[in-house]
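Enquirer: Before we start, here is the structure in question, set down as structure tokens.
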Amino acid sequence: QVQLVESGGGLVQPGGSLRLSCVASGSIFSINTMGWYRHAPGKQRDLIARITSGGRTNYGDSVKGRFTISRDDAKNTVYLQMSSLKPEDTAVYYCNVDGRGGTGSNFFSSWGQGTQVTVSS
């Protein structure tokens, strides 16, 4: 079992910044892709950003130039630095991590519990 714990959400004014963190723990052999998604009321869950084990990143169109994803493999942690936040960024943000667990033969894809980000004046 691999557990993810997110932190860093909250209330921020438009134009402000927040940094989300997601720590993976449990029976982890290796981590491949780490990513962030968000789910706003009445909308589908959307990809925000992903980063591979090699450091390659991709972003959703709505956040390009404003959000930056990074990872610290020594800490099994992925970060999302969010800047120039807009009211439409309001959503529950989820991290997703996939890789191999146990002795390396088992694939896993785990989700965090979500953290609320609200952008409002």
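Enquirer: I'm trying to understand the selection: among the residues of the stretch 21-56, which are assigned to a strand (DSSP E or B) and among the β-branched types (Val, Ile, Thr)? It would help to see each step written out before you state the result.
Expert: Quick first cut of the stretch 21-56, residues assigned to a strand (DSSP E or B) only: 21-26, 28-39, 46-51.
Scanning the stretch 21-56 gives VAL23, ILE28, ILE31, THR33, ILE48, ILE51.
Enquirer: Could you count how many residues in the stretch 54-73 are more than 18 Å from SER7 (Cβ to Cβ) and exposed (fewer than 15 other Cβ atoms within 10 Å of the Cβ)? Even if it seems obvious, please write down each step before you answer.
Expert: Step one: list which residues in the stretch 54-73 are more than 18 Å from SER7 (Cβ to Cβ), which gives 54-66, 73.
Checking the rest, the ones that are also exposed (fewer than 15 other Cβ atoms within 10 Å of the Cβ) come to 54-58, 61-62, 64-65, 73.
Total satisfying the criteria: 10.
Enquirer: Give the residues of the stretch 30-43 that are at pLDDT 95 or above and either under 14 Å from the mean Cα position of the chain (by Cα) or not small (Gly, Ala, Ser) (or both), sorted by residue number.
Expert: ILE31, ASN32, THR33, MET34, GLY35, TRP36, TYR37, ARG38, HIS39
Enquirer: Scan the stretch 30-53 and tell me whether some residue there is touching a strand residue (DSSP E or B) at 6+ places or on another chain (Cβ under 8 Å), open to solvent by 60 Å² or more (accessible area, probe 1.4 Å), closer than 20 Å to GLY99 by Cα and among the hydroxyl-bearing types (Ser, Thr, Tyr).
Expert: yes
Enquirer: Next question, about the same structure. Go through the stretch 91-121 and report how many residues are assigned to a loop (DSSP other than H, G, I, E, B), open to solvent by 40 Å² or more (accessible area, probe 1.4 Å) and either of a type in the set (D, E, K, R) or out of contact with any Pro (no Cβ under 8 Å at 6 or more places or on another chain) (or both). Steps first, please.
Expert: Of all residues in the stretch 91-121, those assigned to a loop (DSSP other than H, G, I, E, B) come to 102-105, 112-114, 120-121.
Filter again for open to solvent by 40 Å² or more (accessible area, probe 1.4 Å), leaving 103, 105, 113, 120-121.
Cutting the leftovers down to either of a type in the set (D, E, K, R) or out of contact with any Pro (no Cβ under 8 Å at 6 or more places or on another chain) (or both) gives us 103, 105, 113.
Result for the stretch 91-121: 3.
Enquirer: When both residues are 6+ apart or on different chains and their Cβ atoms are under 6 Å apart, which pairs have a first residue that lies in the stretch 90-116 and is in contact (Cβ under 8 Å) with a residue 24 or more places away in the chain, and a second that is of a type in the set (D, E, K, R)?
Expert: ALA91/ARG38; TYR93/ARG38; CYS95/GLU6; GLY112/GLU6; THR115/GLU6
The values are calculated or read from the model by the stated rules, or taken from the named source; none is laboratory data. No experiment lies behind these values; they were computed from the predicted model shown. No Cβ is skipped: glycine too gets one built from the backbone with ideal geometry, and neighbour counts run over all protein chains shown. Side chains included, ligands, DNA and RNA excluded: accessible areas come from the protein's heavy atoms. Shrake-Rupley method; radii C 1.70, N 1.55, O 1.52, S 1.80 Å.
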